[in-house]
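The values are calculated or read from the model by the stated rules, or taken from the named source; none is laboratory data. What you see is a predicted model; the values in this text were computed from it and never measured. Ideal geometry is used to build each Cβ from the backbone, glycine not excepted, and the neighbour counts take in all protein chains shown. Accessible surface is based on the protein model in full, side chains and every heavy atom, while ligands, DNA and RNA are left aside. Shrake-Rupley method; radii C 1.70, N 1.55, O 1.52, S 1.80 Å.
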Amino acid sequence: MKLRPWVKFTLGLIIISLVIFLGYKYYQKNNSVSTDLLKQYNISKSKASETLNYVLEHDAYDATYLDEYAKIKYLEQNNFLDVIKTFLPKEYTGEEINYILVLSNTNIAKLKDMDHQDLENYYQIKNFNVSNIERYNAYQDIHDYSYADVVTHVNINLDLPPYTNTNTVSDGDNTLVLVNKYNCLPKNYSPSDLDYISGTQGQTPMRKVAKEALEELQKAVKAEANFELLPTTAYRNYGFQNTLYNNYVAKDGVAAADTYSARPGCSEHQTGLAIDLKNPATPSTIRLTEENYDWLKNNAYRFGFIIRFPKDKEYITGYQEENWHIRYVGKDIAKIIYENNLTLEEYIDLYQTNY
Ligand SMILES: [Zn+2]
């Protein structure tokens, strides 16, 4: 077979490159560990790795873990040696240690105080919280969700009965404040910057930021879809919610009332950032038509609002669908929540909490 000169040349070039590449790799492997140290500890050259070199140089070598060192990817970070020295004796494998190395310092500190945990199901889950691992496993046993969902659900306390051990919210003024069946405001909390806007029941109080955003939304809905949206209620104080909830309980019982009304202190309306809307042109029993809701669902985020209790998320929010209840969170965050089809609970856990 006769090859054309250019083919010969190309083949020759490929072979030469390959030889150089393999030679370099071989050189790199054998020079990642000082030969003297390998000899001194009587370690075969085939075990050489960057991590092994590091532990040898830092006087932290333990022959028991020789095979595990090769599996641990060397990372230039302050806690590298500490993690290796702590977790190898706890019977973690090299692969598991690679995962531990990328956990937060808080999670690593918590894990130090525990016996060996099976972490494999939680690799790559950003909002994994070591403190909740037993709850994750228990929740996974009885639910058919992915591990990522299990982590989020447990982090937002869905494995616990609502209204038990509720957390008292201390940052009521934060526009991202989370108020739900697990996080309730103090009885005396009220926003300091309430402002008023015309609603179906007259002047309606809400936080100033929410009012300004609602005015923008009202202009847009009129111009783009030619209907009006007015608030029915927005800010409601503790006492008002107390009366409202007790009336619902008297009418429907506690279990039913809890699916559509918040207990006092646990209503988002007390933040002044939640608004119930109505199209004034529809009959009194209908807040929004399907078309009205479609517009609101797909546009509210542009003005900084989210649909707080959407359909198909009842198991997360704990409330029946309320397509008229919007919540101000600010434009950037509302966009993320809208585009990723999240609830506020999920957003805060996934994007705002450091575990
Ligand atoms: Zn509402």
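Some notes on this structure:
- Subset of LYS71/LYS112; LYS211/LYS331; LYS181/LYS297; LYS85/LYS110; LYS71/LYS110 violating a 19 Å alpha-carbon distance limit: LYS71/LYS112; LYS181/LYS297; LYS71/LYS110
- Ratio of Rg to Rh over segment 177-261 (Cα coordinates, Kirkwood Rh, two decimals): 1.04
- For segment 132-222, the pair-distance distribution built from all alpha carbon pairs, in bins 10 Å wide starting at 0, is 14, 29, 25, 21, 12, 0 percent.
- Estimated FRET transfer efficiency when R0 is 56 angstrom, pair ILE20-THR106 (beta carbons, to 0.05): 0.75
- Extension gain, GLU91 to ASP193, is 31.1 nm, computed as 0.36 nm per intervening residue step minus the present C-alpha separation.
- Computed over the chain with a Gaussian network model linking Cα atoms closer than 10 Å, the most mobile of TYR319, TYR139, TYR24 is TYR24.
- Think of it as helices only: each DSSP H run of n ≥ 4 in the chain is worth -39500 (n - 2.57), and spread over all residues that comes to -13000 deg cm²/dmol at 222 nm.
- Computed FRET value (nearest 0.05) for SER46 with ASP171, which takes r as the C-beta separation and R₀ as 45 Å: 0.20
- Our estimate of slack between TYR147 and ASP113, defined as 0.36 nm per intervening residue step minus the Cα-Cα distance, is 9.9 nm.
- The LYS251 and TYR315 beta-carbon pair, evaluated with R₀ = 22 Å, returns a calculated FRET efficiency of approximately 0.35.
- Where labels lie 7 Å past Cα in the beta-carbon direction, separation of SER34 and LEU11 in nm: 4.7
- Top of GLY304, GLY94, GLY272 by mean-square fluctuation, Gaussian network on the chain, Cα under 10 Å: GLY94
- Ellipsoid equivalent to segment 293-355 - semi-axes via the Cα gyration tensor, in Å: 18, 15, 8
- Apportionment of accessible area to carbon and sulfur, the chain, percent (1.4 Å): 51
- Debye intensity ratio in log₁₀ form over the Cα atoms of the chain, taken at each q of 0.06, 0.08 Å⁻¹: -0.40, -0.60
- Each pair of Cα atoms in segment 167-352 enters the Kirkwood radius, and Stokes-Einstein at 25 °C and 0.890 mPa s then converts it into a translational diffusion coefficient of 148 µm²/s.
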